[in-house]
Amino acid sequence: MKKKLVSLLLAATMVASLVGCGGGSGETGSSNASESSESSESADAGKEAENGDSAGGTESSAEEEAQAEASDVEKPEEITIMVDGTVFTKENAQDQFIAKLEELTGIKINVTQPDHDAYYDVVGQTIASGDWPDVIILSSTYYSGYAAEGVLWDMTDVYEASDLKARQDAAGSTSVIDGLRMDGRLYGMPSARGGGCVTYVKQKWLDNCGIAEAPKTYDEYLAMLEAFSTGDPDGDGTDGNTFGVSAAGFVGTEAPYINYLPEFYQDAYPSFRQADDGTWVDGFMDDSMKAALERLADAYAKGVIDPTTLTNGTADCRNKFYSDEFGVFTYWSGTWATNLKMNLENNGLDGTLVPLEPIAEVGAYLDRIPPVWCITSTCENPEGVFKYFIETMQDGGDTQFLWTYGVEDVHWSTKAETLYEGEENEVTYEEGQFHGLDNLENPGTQYKKAHIDPAAALVTLANDPSAESREEENTKSAELFNQNCVSAVLVPTTDEMSQYNGDLTTLKNSLIASVTMGEMTVDEAYAKFEADGGKNWSQMIVDSLNK
């Protein structure tokens, strides 16, 4: 067991360490409370949603026994959780959030929260140390690996007999949960759907460059980028001092990898995927991947891709976007559409953004596999942690409100007041009107949500104020994504995956960067891929997946 854990740690560390160290490891998109100037909660959050028996039917005696046993589950007095930046940071009043959560659950909660971008490095070190938390948030990449290594508690049977399952089934969320099963077993619980990225274009830049319509094909997309990189899209009187597009790395640090530069990857995928016949293949070996590398190299040589993409983190990209250094940003749909708009306006820029439908060659954006809350296998009372912590997060009532919007008078309010009086973003609310308060970490922006995005919730939330409080751009981008996405596929973990995929991913990422920046040709890259062992590692992993 220890040997396997060490191999997994090495693999996880390598996956998280892109060439240039700039991928923003652990980026969780629309759920990122600490980075996204988000959060709020309803004043009427006190009502519990009815659990009901909406699934219908007659329960079997086994189910009845399981439910009877669940009712006798002991509540833990204290638990330790390890979380990333999708849970409020200390700067965003984490202490007050946890205090309210403790009040609602009756459990003392100790929080370990590494820096968001370094989260998975710390997770790997923690797992290797053997001193595991009771609960941990994991992305799909790490979820499947740690589940296979025995780090995570199997919650399948407890979940099947739980009220949580009934609530999720009633809300139509069954397929999301099923997508996280490995050999039919469940080792983690998502708090919301995965969500994904759409491509945003600055309307002002389109206007300044005389582009009347948003691009619908790759040729039109590339032409737009060239206009943004050679002309004067920001209107400062100087040509050629901006870039068309930037991203947090030429390839992402975690599945679905290509979501920040989809127009260049199109039908290519640099990691393992299922072919039409159901067999597993390594997409890096496909001709489509070679074509994607050619497109990246061509665009980079034309100067339309920001060269700091190699080392950018997601925060770097956002700040450059807000400073008008580039005009096209593929980022999370929903709440982030509002965040991007507000931050541009706070910098004195036009905040109008055009969310693009996928260009013809892309076809559909990727809906990622959601991060999950997992209980570790060393937890002394996993059944109690599931019932009184995991389940309550989606209770449809008070606790779900807290996870969705935060703490009253800290993150949200219904009091009559004017925010940002005398400023461009001044806004006035009437008594009883739900609204987010000024962000403690990013003054000048309002909280929109906490950990759970209300637009992606898996359980119906009673008295949810989001319909009245969601901005038009938020709704528009979320609807565009939902209508133009396909679900990513969870890749199972094998011994070969744990042993080789870390080195394999590092090699792939290095070659992608080298080809993109013109340091080697595509043919040279694949020759090096084979010479350095990549082709052999890839085949061993494919063979293991297809056993």
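The values are calculated or read from the model by the stated rules, or taken from the named source; none is laboratory data. Note that the structure is predicted; figures quoted are calculated from it, not measured. Cβ coordinates were reconstructed from backbone atoms using ideal geometry, including for glycine residues, and neighbour counts include every protein chain displayed. Accessible surface is based on the protein model in full, side chains and every heavy atom, while ligands, DNA and RNA are left aside. Shrake-Rupley method; radii C 1.70, N 1.55, O 1.52, S 1.80 Å.
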Fill in the blank from the handout: Length gained if Ser129 through Asn110 is fully extended, taking 0.36 nm per residue and subtracting the Cα-Cα distance, is 5.0 nm
Fill in the blank from the handout: Projecting the Cα atoms of Thr330, Asn347, Ala299 onto the charge dipole of the range 267-407, where Lys and Arg contribute +1 and Asp and Glu -1 at Cβ, the residue farthest towards the positive end is Asn347
Practice task
With θ set to phi - 60°, apply the Karplus curve 6.51 cos²θ - 1.76 cosθ + 1.60 along the range 145-150 and write out the HN-Hα couplings as whole Hz, x wherever there is a Gly or Pro.
Solution key: x, 5, 5, 5, 8, x
Fill in the blank from the handout: The relative contact order of the chain, taking Cα pairs under 8 Å that sit 6 or more residues apart, comes to a percentage of 28
Problem - Between the range 240-292 and the range 94-148, the alpha-carbon center distance in angstrom - result: 29
Fill in the blank from the handout: Expressed as a percent, the accessible surface of the chain that is carbon or sulfur, using a 1.4 Å probe and the full set of protein chains, is 45
Practice task
Skip the ligands, DNA and RNA, and give the accessible area per residue of the chain with a 1.4 Å probe, whole Å².
Solution key: 40
Fill in the blank from the handout: By the Cα gyration tensor axes a ≥ b ≥ c (a/c under 1.5 gives rounded; else a/b larger than b/c gives prolate, otherwise oblate), the shape of the range 80-140 is oblate
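Work out the length of the dipole vector of the range 249-376 about its Cα centre, built from +1 on the beta-carbon of each Lys and Arg and -1 on the beta-carbon of each Asp and Glu, and round it to the nearest 20 debye.
Dipole of the range 249-376, to the nearest 20 debye: 380 debye.
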Handout entry: Efficiency of FRET from Cβ geometry, Lys415 and Ala212, R₀ 56 Å, rounded to 0.05
Key = 0.80
Problem - the range 73-191 shape via C-alpha gyration tensor axes, a/c threshold 1.5 - result: oblate
Exercise for the section: For the chain, just say rounded, prolate or oblate: build the C-alpha gyration tensor, square-root its eigenvalues into a ≥ b ≥ c, call rounded for a/c under 1.5, and beyond that prolate if a/b exceeds b/c, oblate if not. Expected result: oblate
Handout entry: the range 403-532: relative contact order in percent, alpha carbon pairs under 8 Å with at least 6 residues between
Key = 16
Handout entry: Cα centroid separation, the range 376-404 to the range 190-229 (Å)
Key = 40
